[in-house]
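Please treat every number below as a calculation from the coordinates, not as lab data. All values reported here derive from a predicted model rather than from experimental measurement. Heads up, the Cβs are rebuilt from the backbone with ideal geometry, glycines too, and the neighbour counts pull from every protein chain shown.
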């Protein structure tokens, strides 16, 4: 597994850099389009005239948000789901903390912070920029519903995300995609309700010459880019997230040496129709199962169903774990101690 770990760490580093690059490029393209719309840049007979004030401003904003996402993304995510530090103030909470310590030692990870969401739905996620700055967050519903063996399976899954540096990629996706969505929504609303109207106020001569026609085309391009960029970013986030769930499931089996642990947990989660109250489209890919309304959408097997899903189909994940349970790993599995 050591080779696989280092290989996935390098892959995650490349994908994180790619995501940041795409995010910065999209911001700059939107800023460039606005420079043309506002007249900061003009297409003349001798080429471009003017100075790209808004493009530079967009670049600065993108770099600042990237910096904030990397160093403060975990805190922003925990705040968005109203998570609080998990304290050893009850027997159930002590069990969760003990299981996190067990799985941390099994994965040879540094100390990991534990948080809890006051939500009755059973779910969990991990976040952070690296193992030394990582967090595992569980819901109160998961704590109340799961026995120790099931908790080991779920925590082992999240520990695998930490070990493989999935948490960094997923954290950057959650924050950067949210930033793109907010900027694109603002631009789309401005262009629809005010931008085109302001352009229409130009005099007839400007609208008849080539420069006016180029401005209209650029404005349309900005509007289209603002409309599709959140969708493209969300599809990218979903595709990246789906790849990692199967690997994290296998990592859970590696740490617990018991496929039954995660299998029983996923079966119980699958039987629970209780979406998270604080779940959002931007953070859905972080959780062990889809936390949003319509959790059963993961059960569908069609290409387009999976394309727009943050997780692989839950029955397929359960089927793979059952296959492990029937194999050599399952033959040596034993229930967790009470």
Rounded to the nearest 5, the percent of DSSP beta bridges in the range 75-141 running antiparallel is 60 percent
Fewest-first ordering of 280, 90, 274, 134 by Cβ atoms within 10 Å yields 90, 280, 274, 134
Cβ-based exposure ranking for 86, 76, in which fewest neighbours within 10 Å come first: 76, 86
Listed with the fewest Cβ neighbours within 10 Å leading, 19, 34 appear as 19, 34
Can you give the FRET efficiency for residue 71 and residue 98, using 1/(1 + (r/R0)^6), R0 = 35 Å, r = Cβ-Cβ distance, to the nearest 0.05? 0.70
Taking r as the C-beta separation of residue 18 and residue 42 and R0 as 30 Å, the FRET efficiency to the nearest 0.05 is 0.35
From a point 7 Å beyond the Cα of residue 280 in the direction of its Cβ, which residues of the range 163-178 have a backbone N at a distance under 11 Å? 174-178
